[in-house]
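Following: one structure in structure tokens, then a few remarks.
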């Protein structure tokens, strides 16, 4: 882990064989691409510098680390669940009201490139993609029912943004009794200080914070799960 980011943290619990899922939050072109969605909007409005920290981190850390985690979870047959935010109606009328203007600006509507998950992290056939209409996946989708059906009790969270959709979904999961881990070097935020503060607060009560290497080291000791 980046020593000046959060501090020395290790996994607070073991990952359970057969009951652990990787949850990839909003790694879409709308929110995780320098060239589309948010990145395009910032460029068009002369504000591209505001996205530099975010997109540098996504490109240099998130994409490669999430790729490593996906490979490891798949190797031991643990579920990888993808969550995305996006509208299916014109004017984003199906989204929670305070998100509509933002997602219209980003073009985050079904059928648009922005709605899709980054090609580098494309779900494999059979891997579920949950579409939510609000920041937390629990509020506006069948996410909870899916996890219960998968018998997942421990959730490993990666994606964007640290202080928003990742944090809200992970906190909601903790309140529902799931054991939660946020992977510090596989989540991103617009500002470094927001990233740090969010993870410090999350770890105080809701769950654990670890690194990609922490998770990979634990997964390496697990037997392959056969559903």
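Odds and ends about this structure:
- Helix 63-75 and the longest principal axis of the Cα set of the chain meet at an angle near 40°.
- Helix 192-205 axis, angle to the chain major axis (alpha carbon atoms, nearest 10°): 40
- For the chain, averaging the sequence separation of C-alpha pairs within contact (under 8 Å, six or more residues apart) and dividing by the residue count gives a relative contact order of 30 percent.
- Ordering 141, 110, 49 from the fewest to the most neighbouring beta carbons within 10 Å gives 49, 110, 141.
- Residue-averaged 222 nm ellipticity for the chain, from DSSP H runs of 4+ at -39500 (n - 2.57), nearest 500: -9500 deg cm²/dmol
- Taken as Cα centroids, region 65-80 and region 194-216 sit 19 Å apart, rounded to the nearest whole angstrom.
- Cα shape, region 1-156, gyration tensor, a/c 1.5 rule: oblate
- Ordering 182, 58, 109, 25 by the number of other Cβ atoms within 10 Å of each residue's own Cβ, fewest first, gives 109, 58, 182, 25.
- With both residues required to sit in the chain, DSSP beta bridges show an antiparallel share near 5%.
Laboratory data are not the source of any read-out in this text; all were calculated from the coordinates shown. If you're wondering where the values come from, they're calculated on a predicted model, not measured in any experiment. Ideal geometry is used to build each Cβ from the backbone, glycine not excepted, and the neighbour counts take in all protein chains shown.
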